[in-house]
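A quick write-up on the structure given underneath.
The values are calculated or read from the model by the stated rules, or taken from the named source; none is laboratory data. Please read all numbers here as calculations on a predicted model, not as lab measurements. Backbone-built Cβ (ideal geometry, glycine too); neighbour counts: all protein chains shown. We work out accessible area using only protein heavy atoms, side chains counted, and drop any ligands, DNA or RNA first. Shrake-Rupley method; radii C 1.70, N 1.55, O 1.52, S 1.80 Å.
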Amino acid sequence: MNHPKRSLIEKELYRRKAGWWGEKEVDKKLKLMDQDKYFILGDLRLPNGETFFQIDTLLLTTRFALIIEAKNISGTLHFDLDTHQLIRKNEDGTTEGFGDPVSQARFHQQQLREWFIKHKLPLLPIDFLMIITNSNTIFYITPSGHPFSRKIHSISGLTWEIDKLDVQFKKEVISEKEISKISKALIKAHTPLIYEILQQYGISKSELLTGVQCPDCGSLPLTYHRGKWHCPNCKGAFKDAHLPALQDYSLLYQSTITNSQFRRFLRISNSDVAAKMLKEMDLEVTGTKRGRVYHLKKLW
């Protein structure tokens, strides 16, 4: 299990988990607000010519639109708005630089405005906030009088800042019907990023470990006998230990699986046993007999 690229992949996994957690913290805060006043879209990825731009959270009202960029970064952060840098000081005294999230949010603001114009949608005033979602993070901003210094806030102040924007943008610009039109257009245009993980890291399928992993001790592979998966290491027995393995399969290989692929990946020799297990999962099926294909999207 010690693949040479493991540490690189684990670092990327940690980064993505941190980003996901940060966006969830924003969602929790927004749920505390009056849901009838705002239309909220999360994790939007929109086309702009041959490229795409991604917005963590977009809040729509009849008076303004608000881009919320969430950053879950630990340590002590220094936002230098003159040099467009974000610098982190770690506990061990080392420092590292990041791309400037304020410049990124401003760029998304510009792209969203262009997207509205291109699609002939009603144009709202578009503002943005940069939210630090880790409540333990200490950050400071220079210069303090910079026009965008008031766009960076801790998660604890998110709802207060939205309240301020409610006061600032009092005039209704579009109708509720137009808000619905805009939101439908955004959802329709949303294009999820498909990660080709193996291709991205230059890993071949032959390098992947197959089989079912023990949910208790992590041993691989388990053996299947009389309706349960058995661990030769910790002696545990599990009924549904194959489900996480199939989720991995759908991410690393493809979103469909045949009986033979199921047996090969889970290391099951009996096709009848495999057919019974596939049937019990009540997956969507296309094709018949040897052409039967099972769709794994239900596992998520």
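Below, the figures for the structure above:
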{"quantity": "Among (1) under 27 Å from the mean Cα position of the chain (by Cα); (2) more than 24 Å from M33 (Cα to Cα); (3) touching a residue at least 60 places away in the same chain (Cβ under 8 Å), the one test that I162 misses", "calculated": "(2)"}
{"quantity": "Residues of the stretch 71-95 satisfying the condition of being open to solvent by 50 Å² or more (accessible area, probe 1.4 Å) and more than 12 Å from I132 (Cα to Cα)", "calculated": "D82, T83, H84, Q85, I87, K89, E91, D92, T94, T95"}
{"quantity": "Top-ranked residue in the stretch 1-34 [being open to solvent by 100 Å² or more (accessible area, probe 1.4 Å) and in a loop (DSSP other than H, G, I, E, B); ranked as modelled with the lowest pLDDT]", "calculated": "M1"}
{"quantity": "Qualifying positions in the stretch 96-135 - out of contact with any Pro (no Cβ under 8 Å at 6 or more places or on another chain), among the aromatic types (F, W, Y) and open to solvent by less than 60 Å² (accessible area, probe 1.4 Å)", "calculated": "W115, F128"}
{"quantity": "The stretch 231-269, subset among the aliphatic types (A, V, I, L, M) and part of a strand (DSSP E or B), residue surrounded by the most Cβ atoms within 10 Å (Cβ to Cβ)", "calculated": "I257"}
{"quantity": "Residues that are among the polar types (S, T, N, Q), assigned to a loop (DSSP other than H, G, I, E, B) and loosely packed, with under 15 Cβ neighbours inside 10 Å, drawn from the stretch 215-230", "calculated": "none"}
{"quantity": "Complete set of residues in the stretch 60-86 that are among the charged types (D, E, K, R) and in a loop (DSSP other than H, G, I, E, B)", "calculated": "R63, D82"}
{"quantity": "Hits in the stretch 170-190 - residues which are of a type in the set (A, V, I, L, M, F, W, C), assigned to a loop (DSSP other than H, G, I, E, B) and open to solvent by 40 Å² or more (accessible area, probe 1.4 Å)", "calculated": "V173"}
